[in-house]
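Q: After the structure tokens below, expect a handful of questions from me.
The values are calculated or read from the model by the stated rules, or taken from the named source; none is laboratory data. These numbers come from a predicted model, not from an experiment. All Cβ positions, even for glycine, are placed from backbone atoms using ideal geometry, and neighbour counts span all protein chains on display. Keep in mind that these areas ignore ligands, DNA and RNA; they rest on the heavy atoms of the full protein, side chains included. Shrake-Rupley method; radii C 1.70, N 1.55, O 1.52, S 1.80 Å.
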Amino acid sequence: MKIYLPGDLIKDDVKANKVAIRSENGKTYACVVGTVKDGFFKPFELAYIPSVNDKIIGIVYEKKARIAFVDTGTAFNGILQLTNEVNIEQGSIIMARVMKIEDDNNLLLTDVKTLKKENAMLIFIHPSKIARIIGKEGSMLSLIKEKTQCQILIGLNGYIVIYGKNVKNVIKAINFIVERAHLENLTNQVSSLLSKGG
Amino acid sequence: MAKKMKLIINGKRLDGRNPLELRNISIKLGVIKNADGSAYIEWGKNKIIASAFGPKEALPKHLADPHRAVLRCVYMMAPFCSLEEHGKIGFTRRSVEISKLLKEALSDIVLLDMFPNTIIDVYVNVLQADGSTRVASLTAASLALLNAGLPLKGLIAAVSGGKADNTLIIDLGKEEDNYGQADMPIAYNSNGDIILFQADGLLTKEEIEKLLDYTNEAAKKIFEIERNAIYETYGKEMKKTLRM
């Protein structure tokens, strides 16, 4: 596996997240540490930049008459317009879709769903590791759900909400993936880990 | 007035190095669990830790720049890091100066315009000092930013040049820094451009030109050491865990 460092020339034609690579004089350079796989530049570490339609999880930190402000754990705060259908309070955990990204870094959110706080575990991981938790076409996430019988909701901003009795095993699996997110063949290793751990 | 001290004896420096020899450098990434990125460097007897946080929300709001991220750097020496620092707590004029030059040098490599209205914080703490801490700090800080996943144009390799007993040397140790004739910290980016240049003492034009060549060669070795440390880090599991 070839590891690219910031400033390294990428000779192949690759697709990537907009901040992971840059073009200069017709050449492509890596901006973060990563590798190229299947025509994509896959960063090992990457700061989070939201995109429209991203599904994120956040915590409501302030509620006013018609508007609420959401902490997403990143540099981008969420703004929610309150309607009669949306029932939230300060401290509510919500899942929402990014409708628009404002110039001042606020995210206008829509399709809001309030998540239950009872028996829920809320954790935060670096957003660049979320893709490995989900896996190719959701394979890793499905594996963890199946092995632990837990419900797992993932926000692309790094928040994860877990419901179920085997929360400890879910966290063990997530921790395992986070430590090895830059390595390959994780699905089989996670499957063994969860089979052993019970 | 600084006392006279023999720094080069029979062509060797006090620690046994040749004039153009670097001290041993070892680097570890991802050493602080709660930082977005971190790096620990042992450079000779220097022990320095750097951490990076961000991009994060610009608070208070008036700090925000609508065109780019604001980069803030803090360089601090631990009170126990050396005999001279013993008992000193908080900012000194020297740490304010080095914080400023770290910020200016790092601004050259970070693609700040990708994150308008945000802040990126870099903290560097010197745990043990043995000369040339600013260049070691700058090298560690660039690696902390890489570990944080912040987009960079490249890395930084910084090294000091100088003169002791009329001999041009690189990578000054503490005694050479304190009792030598000149000290010239210099930093290069991946393109070989100079992004930090300071000089203290008396050097001729020819000596400066030679030192530029010597430090350029040393920087290439430092880039190689950084590269190997990064390959080693990302070739195996890292101790970066989740926050609950």
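Q: Out of B:N166, B:N189, B:N216, which single residue is polar (S, T, N, Q) and within 12 Å of chain A (Cβ to nearest Cβ)? Spell out how you get there, then give the answer.
A: Details: B:N166 fails: within 12 Å of chain A (Cβ to nearest Cβ); B:N216 fails: within 12 Å of chain A (Cβ to nearest Cβ).
Within the list B:N166, B:N189, B:N216, the selection yields B:N189.
Q: Next question. If A:K18 satisfies all but one of (1) of a type in the set (D, E, K, R); (2) within 13 Å of chain B (Cβ to nearest Cβ); (3) touching a strand residue (DSSP E or B) at 6+ places or on another chain (Cβ under 7 Å); (4) part of a loop (DSSP other than H, G, I, E, B), what's the number of the condition it fails?
A: (3)
Q: Can you find, within the stretch A:1-15, the residue that is farthest from the other protein chains (Cβ to nearest Cβ) among those that are free of Cβ contacts under 8 Å to residues at least 24 places away in the same chain and assigned to a loop (DSSP other than H, G, I, E, B)?
A: Taking the stretch A:1-15 and keeping what is free of Cβ contacts under 8 Å to residues at least 24 places away in the same chain, we get A:7-9, A:11.
This time we only want the ones that are assigned to a loop (DSSP other than H, G, I, E, B), so: A:7-8, A:11.
On the way: A:G7: 3, A:D8: 9, A:K11: 17 Å.
Selected residue: A:K11.
Q: A follow-up question, please. Return yes when B:K28 is more than 20 Å from B:D177 (Cα to Cα), more than 11 Å from chain A (Cβ to nearest Cβ), open to solvent by 70 Å² or more (accessible area, probe 1.4 Å) and assigned to a strand (DSSP E or B) and no when it is not.
A: yes
Q: Residues that are in contact with a Leu (Cβ under 9 Å, 6 or more places away or on another chain) and over 28 Å from B:K56 (Cβ atoms), at least 1 per element: which helices (runs of 4 or more DSSP H) completely within the stretch A:93-198 meet that?
A: Values: elements: A:130-134, A:139-148, A:167-179, A:186-197.
Result: A:139-148, A:167-179, A:186-197.
Q: Filter the stretch B:173-220 for residues that are acidic (D, E) and more than 19 Å from B:A129 (Cβ to Cβ); which is surrounded by the most Cβ atoms within 10 Å (Cβ to Cβ)? Quick ask: steps written out before the conclusion?
A: Of the residues in the stretch B:173-220, the ones acidic (D, E) are B:175-177, B:183, B:193, B:200, B:206-207, B:209, B:213, B:217.
Then keep just the ones that are more than 19 Å from B:A129 (Cβ to Cβ); that gives B:193, B:206-207, B:209, B:213, B:217.
Numbers: B:D193: 10, B:E206: 8, B:E207: 18, B:E209: 11, B:D213: 11, B:E217: 13.
Selected residue: B:E207.
Q: Of A:I57, A:I79, which residue is surrounded by 14 or more Cβ atoms within 10 Å (Cβ to Cβ), within 23 Å of A:I130 (Cβ to Cβ), among the β-branched types (V, I, T) and within 16 Å of the chain's Cα centre (by Cα)?
A: Going through A:I57, A:I79 in turn, the sole match is A:I57.
Q: Specify which of the listed residues (A:S139, A:S128) is in contact (Cβ under 8 Å) with a residue 40 or more places away in the chain, more than 18 Å from A:Y159 (Cβ to Cβ) and under 19 Å from the mean Cα position of the chain (by Cα).
A: Details: A:S128 fails: more than 18 Å from A:Y159 (Cβ to Cβ).
One residue alone meets the criteria, A:S139.
Q: Quick check on the stretch B:33-83: of everything there that is of a type in the set (S, T, Y) and assigned to a strand (DSSP E or B), which residue is most open to solvent (accessible area, probe 1.4 Å)? I'd like the intermediate steps shown before the answer.
A: Filtering the stretch B:33-83 for residues of a type in the set (S, T, Y) gives B:38, B:40, B:51, B:75, B:82.
Next, from what is left, pick out any that are assigned to a strand (DSSP E or B): B:38, B:40, B:51, B:75.
Values: B:S38: 1, B:Y40: 46, B:S51: 12, B:Y75: 0 Å².
Ranking the candidates gives B:Y40 first.
Q: Output the residue which, of all residues in the stretch B:84-96 that are out of contact with any Pro (no Cβ under 7 Å at 6 or more places or on another chain) and of a type in the set (V, I, T), is most open to solvent (accessible area, probe 1.4 Å). Even if it seems obvious, please write down each step before you answer.
A: Initial filter on the stretch B:84-96 (out of contact with any Pro (no Cβ under 7 Å at 6 or more places or on another chain)): B:84, B:90-96.
Imposing the further condition that a residue be of a type in the set (V, I, T) reduces the set to B:92, B:96.
Values: B:T92: 45, B:V96: 81 Å².
Filtering first and then ranking leaves B:V96.
Q: Report the residue count in the stretch A:22-43 for those that are in contact with a Gly (Cβ under 9 Å, 6 or more places away or on another chain), more than 30 Å from A:L115 (Cβ to Cβ) and at the interface with another protein chain (Cβ under 10 Å from one of its Cβ atoms).
A: 5
Q: Here are some conditions: (1) touching a residue at least 40 places away in the same chain (Cβ under 8 Å); (2) open to solvent by 50 Å² or more (accessible area, probe 1.4 Å); (3) out of contact with any strand residue (DSSP E or B) (no Cβ under 8 Å at 6 or more places or on another chain); (4) within 11 Å of another protein chain (Cβ to nearest Cβ). A:M121 meets all but one. Which one does it not meet?
A: (3) is the only condition that A:M121 fails.
Q: Right, another one. Filter the stretch B:52-87 for residues that are away from every other protein chain (no Cβ under 14 Å) and in contact (Cβ under 8 Å) with a residue 60 or more places away in the chain and give the result.
A: B:C73, B:Y75, B:S82, listed by residue number.
Q: For the stretch B:221-237, name all the residues that are open to solvent by 60 Å² or more (accessible area, probe 1.4 Å), under 18 Å from the mean Cα position of the chain (by Cα) and within 14 Å of chain A (Cβ to nearest Cβ). Steps first, please.
A: Filtering the stretch B:221-237 down to residues open to solvent by 60 Å² or more (accessible area, probe 1.4 Å) leaves B:221, B:224, B:227-228, B:231-232, B:236-237.
After this cut, where a residue has to be under 18 Å from the mean Cα position of the chain (by Cα) as well, the list is B:221, B:224, B:227-228.
Matches in the stretch B:221-237: B:E224, B:R227, B:N228.
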